[in-house]
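J.: One structure follows; several queries about it will come next.
The values are calculated or read from the model by the stated rules, or taken from the named source; none is laboratory data. Keep in mind the model is a prediction, meaning the values are calculated, not measured. For neighbour counting, all protein chains shown are included, and Cβ atoms are generated from backbone atoms with ideal geometry for every residue, glycine included. SASA here: full protein model, heavy atoms, side chains in, ligands and nucleic acids out. Shrake-Rupley method; radii C 1.70, N 1.55, O 1.52, S 1.80 Å.
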Amino acid sequence: MVSVINTVDTSHEDMIHDAQMDYYGTRLATCSSDRSVKIFDVKNGGQILVADLRGHEGPVWQVAWAHPMYGNILASCSYDRKVIIWKEENGTWDKMYEYTGHDSSVNSVCWGPYDFGLILACGSSDGAISLVTCSGDQQWDIKKISNAHTIGCNAVSWAPSVVPGSLIDQPSGQKPNYIKRFVSGGCDNLVKLWKEEDGQWKEDQKLEAHSDWVRDVGWAPSIGLPTSTIASCSQDGRVFIWTCDDPSGNTWTAKLLHKFNDVVWHVSWSVTGNILAVSGGDNKVTLWKESADGQWACISDVNKGQGAVSSIADGATNEQ
C-alpha cells in the first residue's frame, strides 16, 4: 500500500522542475522556473523554509545533494547555462562555486559516489558533458566530453562505485574494485555509458531502443549483486530497463517496462534499487517493482495533483 505522507507548499511562483530529499530524508530541495532554489526542513511531517537561494537567471531544471560527509552541499543547474554549487556554513547557504563552461542550457547535474570525492557530472543542450571535481581548498578541475550527444544531453546518472559482483567475489580484507562510470541520455534518442580510463573519459557503450529524445536515465543503486541495471525514459512514452550480467559490461539487454500515452519526464530508483518511480506528462507518479519471474509490475499509482510525494517503506523513492 502506498500513501501520501506529506505535501509541501513550496510557494514557488512557477512550475517546479525537481524535488530532491537529502541523504537523511530530513531536507527537501526544490527548483523552479521562478529561478529560485528552495530548501525545506521536512522532519516529522513539518515544512520549514530554511533557504531561498537566488543566483540563477533562468528556469532551474535540477538540484542534486552531495554526500553529507562533505558537508551540506547542493548543486543546481539552469537554462542560464550555469551550474551553481551551494554550501551551508553555520546555518547560512552561500555560493561555493559557479561553473559557466557550457554554451547552452544545463539540463542535469548528478554527484558521483562519495568514494571519488566531490565530482559532479553536468549535461547540457550544447551536447557536452562536464565533470567538475573539487581538488581541495576551493579549487575545481574541469574535464569536458564535447559532443557527447548531438543536439543536446538531457540527463546524467552515476553508476555505483563498486564493480558489480566484486562485493561477493572479493577475498575478505581486500578492497573491492572501484570504477568511475556514468550513463547519459540525449536528444539523439541514445543512452550512452561513459567510463574513465587513465584519467580520460571514453564512450563505453551506446544503447539504442528509444525513438525520440531520452528525457531521463537512472543507474540503479547496487547492493553488491553481479547485475548492473539502468532505467531510461523518453519523449516516445516508453520506459526501458537495461540490464548487464556480463562482468566486462559489454552486453546490455533492454526490457520494455511500459509504454505510456504521454512523454515520460523522470525515473527515480529507491535506495535499495528494487523499486522504480516514473513520472510523466499524464501528471501521475507510478511505482514499479520486479517480480520473482523477472516481470515488472505497477505496485501503485499516485496522482500528482492529490499529493506530490510518494514514498515506500523499504527504501523511500521521492518524486515531485
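J.: ALA220's amide H: which non-local residues (gap 5+, or another chain) put their own amide H closer than 5 Å, with H modeled 1.01 Å from N in plane and none for Pro or chain starts?
T.: Here THR229, ILE230, ALA231 satisfy the definition.
J.: Let me ask you something else. In terms of modelled amide H atoms, which long-range or inter-chain residues lie less than 5 Å from the amide H of LEU225?
T.: GLY165
J.: Excluding residues fewer than 8 places away in the same chain, name every one of the aspartates and glutamates whose C-alpha is closer than 13 Å to that of LYS284.
T.: ASP262, ASP301, GLU319
J.: Right, here's the next one. Would you calculate a helix-derived [θ] at 222 nm for the chain, using -39,500 (n - 2.57) for each DSSP H run of n ≥ 4 and dividing by the full residue count, to the nearest 500?
T.: Here the helix-only value at 222 nm equals 0 deg cm²/dmol.
J.: I'd like to check one number: the per residue accessible area of the chain, probe 1.4 Å, reported in Å² as a whole number. Let's see the in-between values first.
T.: Values: 14400 Å² over 320 residues.
Per-residue value: 45 Å².
J.: Same structure, new question: Using only the Cα atoms, what convex hull volume per residue in Å³ does the range 27-169 have?
T.: Spread over its residues, the Cα hull of the range 27-169 gives 136 Å³ apiece.
J.: Which whole-Hz ³J(HN,Hα) couplings does the range 106-113 yield from phi under the Karplus relation 6.51 cos²θ - 1.76 cosθ + 1.60, θ = phi - 60°, glycine and proline marked x?
T.: 3J(HN,Hα) across the range 106-113, in whole Hz: 9, 9, 8, 10, 8, 7, x, x.
J.: 5 Å is the cut-off here: which amide hydrogens, built 1.01 Å from N in the peptide plane, fall below it relative to ARG27, excluding neighbours closer than 5 in sequence?
T.: The list, which skips near neighbours in sequence, is ASP22, VAL42.
J.: Sorting check: for 54-65, 129-140, 151-162, which peptide has the highest mean count of neighbouring beta carbons within 10 Å, and how do the rest follow?
T.: Numbers: 54-65: 19.4, 129-140: 15.3, 151-162: 22.2.
Output ranking for 54-65, 129-140, 151-162: 151-162, 54-65, 129-140.
J.: Tally up the carbon and sulfur contribution to the accessible surface of the chain as a whole percent, 1.4 Å probe, everything protein left in place.
T.: Values: 6610 of 14400 Å².
Taking all protein chains in place, the chain shows 46 percent carbon and sulfur surface.
J.: Among the listed pairs LYS82/LYS180; LYS95/LYS192; LYS38/LYS87, which are separated by more than 20 Å between their Cα atoms?
T.: Details: LYS82/LYS180 24 Å; LYS95/LYS192 31 Å; LYS38/LYS87 13 Å.
Violating the 20 Å Cα-Cα cut-off are LYS82/LYS180; LYS95/LYS192.
J.: Less than 13 Å Cβ to Cβ from SER124, Lys/Arg counted +1 and Asp/Glu -1: what total charge do the surrounding residues give? Before the final figure, lay out the partial values.
T.: Values: positive: ARG81, LYS82, LYS144; negative: ASP80, ASP103, ASP126.
Taking every other residue near SER124 into account, the sum is 0.
J.: For the range 1-71, just say rounded, prolate or oblate: build the C-alpha gyration tensor, square-root its eigenvalues into a ≥ b ≥ c, call rounded for a/c under 1.5, and beyond that prolate if a/b exceeds b/c, oblate if not.
T.: On the way: a/c = 1.80, a/b = 1.26, b/c = 1.43.
Note, shape of the range 1-71 comes out oblate.
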